[in-house]
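S.K.: If you scroll down you'll find the structure; I have some questions about it.
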């Protein structure tokens, strides 16, 4: 098939360090190419791909020194995409600027919605009925009436992370320190469990959440917490693989949580709060533990050594590898293209 992938422009595809959406776009694009499809990637010029790259801006917006406003760049990208939609059998958007244009430029298309939703967005999705993919069933709940076509879980290349059979001696936390990610809860868990916590995150000492919730804990937690900064590549592989468990104390309806399956790929179990997609991703008692309180999480730390790391890795391969994700998307592309063909033939 002739497939267009339309990525966000904030980070390169793939991103150099953190960045979930752009990373998934990269995994999907490269797997589509490997399967023999003709793929065009619309992204920032510093992206790396085996597909045909259409550079919308020279550098990812959040890396550009003169970056002020995203909208002009996304408008230009839409012009590049829509200048000739007949080039593609399907256009796969990972953005949200395209919906008004799809009315005047009919084409086979689908949008993966990577963000969380709220009930106030119902009017938007009532107005624009373009086909949508959710990344978890839970993500749909605020706007069940939208034009959902499928739930397709994210996937990773099987050789991206290294399986490690033996657990490490520290707990891991990775992600932006924020009120949603709850680094403060991870610190409390480590202190009560008396196990070192390694934090792979960019720390801004002036951030309000950090000052109000994390900083006050560090005096009592200084023997247990180590900040190592953002990690990528081999460092990230070692960070996940050498951990005793990943702590994922999210305090919001997380749409997916890519770090959970990155951890499972290494064989490292996940201790996660019962929010958002967590019950869909983590098999409680097999690939980790789903908890509701700090005390439950501390108990889970003591129990996690009883889990089989090979089972964690095996379930990752069965449910969350890039080949499975790509196969499900291709099936959807073909179904949507067939429907479009039937409609235009009437």
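The values are calculated or read from the model by the stated rules, or taken from the named source; none is laboratory data. Treat the numbers as computed from the prediction; the structure is a model and nothing was measured. Positions of Cβ are backbone-derived with ideal geometry, glycine not excepted, and every protein chain shown enters the neighbour counts.
S.K.: State whether the residues of the stretch 228-244 include one that is touching a strand residue (DSSP E or B) at 6+ places or on another chain (Cβ under 6 Å) and at pLDDT below 95.
M.R.: So far as the stretch 228-244 goes, yes, one or more of its residues are touching a strand residue (DSSP E or B) at 6+ places or on another chain (Cβ under 6 Å) and at pLDDT below 95.
S.K.: Given the conditions (1) over 21 Å from residue 162 (Cβ atoms); (2) crowded, with 21+ Cβ neighbours inside 10 Å; (3) out of contact with any helix residue (DSSP H, G or I) (no Cβ under 9 Å at 6 or more places or on another chain), which single one is not true for residue 239?
M.R.: Here residue 239 meets the rest and fails (1).
S.K.: Out of everything in the stretch 111-130 that is in contact with a helix residue (DSSP H, G or I) (Cβ under 6 Å, 6 or more places away or on another chain) and not in a helix (DSSP H, G or I), what residue ends up being surrounded by the fewest Cβ atoms within 10 Å (Cβ to Cβ)? Outline the logic, then answer.
M.R.: First, the residues of the stretch 111-130 that are in contact with a helix residue (DSSP H, G or I) (Cβ under 6 Å, 6 or more places away or on another chain): 114, 117-119, 121-122, 125, 128, 130.
Right, trim to not in a helix (DSSP H, G or I) and you get 114, 117-118, 128, 130.
Details: 114: 21, 117: 20, 118: 10, 128: 17, 130: 16.
Among them, the one singled out is 118.
S.K.: I'm trying to understand the selection: among the residues of the stretch 99-110, which are in a loop (DSSP other than H, G, I, E, B) and touching a helix residue (DSSP H, G or I) at 6+ places or on another chain (Cβ under 6 Å)? So that I can check it myself, show each step before the final result.
M.R.: Just the residues of the stretch 99-110 that are in a loop (DSSP other than H, G, I, E, B), to begin with: 105-108.
Hits for the stretch 99-110 are 105, 107, 108.
S.K.: Mind checking which residues of the stretch 296-338 are over 19 Å from residue 260 (Cα atoms), outside the structural domain of residue 85 (by TED's automatic domain parsing) and without any contact (Cβ under 8 Å) to a residue 40 or more places away in the chain?
M.R.: Hit for the stretch 296-338 is 299, nothing else.
S.K.: Separate question: Can residue 211 be described as part of a strand (DSSP E or B) and either assigned by TED's automatic domain parsing to the domain that holds residue 264 or in contact (Cβ under 8 Å) with a residue 24 or more places away in the chain (or both)? Before you say what the answer is, go through the steps one by one.
M.R.: Details: part of a strand (DSSP E or B): no; either assigned by TED's automatic domain parsing to the domain that holds residue 264 or in contact (Cβ under 8 Å) with a residue 24 or more places away in the chain (or both): yes.
No; evaluated as a whole, the condition is false for this residue.
S.K.: Can residue 146 be described as surrounded by 15 or more Cβ atoms within 10 Å (Cβ to Cβ), within 30 Å of residue 251 (Cβ to Cβ), modelled with pLDDT under 95 and in contact with a helix residue (DSSP H, G or I) (Cβ under 9 Å, 6 or more places away or on another chain)? Outline the logic, then answer.
M.R.: Details: surrounded by 15 or more Cβ atoms within 10 Å (Cβ to Cβ): yes; within 30 Å of residue 251 (Cβ to Cβ): yes; modelled with pLDDT under 95: no; in contact with a helix residue (DSSP H, G or I) (Cβ under 9 Å, 6 or more places away or on another chain): yes.
No; evaluated as a whole, the condition is false for this residue.
S.K.: I've got another one for you. Which pairs have Cβ atoms under 9 Å, sit 6 or more apart or on different chains, and link a residue in the stretch 74-97 that is over 20 Å from residue 340 (Cβ atoms) and not assigned by TED's automatic domain parsing to the domain that holds residue 61 to one that is modelled with pLDDT of 95 or more and surrounded by fewer than 16 Cβ atoms within 10 Å (Cβ to Cβ)?
M.R.: Note: no pairs meet the criteria.
S.K.: In the stretch 296-316, what residues are in a helix (DSSP H, G or I) and out of contact with any helix residue (DSSP H, G or I) (no Cβ under 8 Å at 6 or more places or on another chain)? Lay out the reasoning, then the answer.
M.R.: Our first condition is that a residue be in a helix (DSSP H, G or I); within the stretch 296-316, this holds for 296-306, 309-316.
If the condition is that a residue be in a helix (DSSP H, G or I) and out of contact with any helix residue (DSSP H, G or I) (no Cβ under 8 Å at 6 or more places or on another chain), then 296, 299, 300, 303, 304, 305, 306, 309, 310, 311, 314 are the ones that fit.
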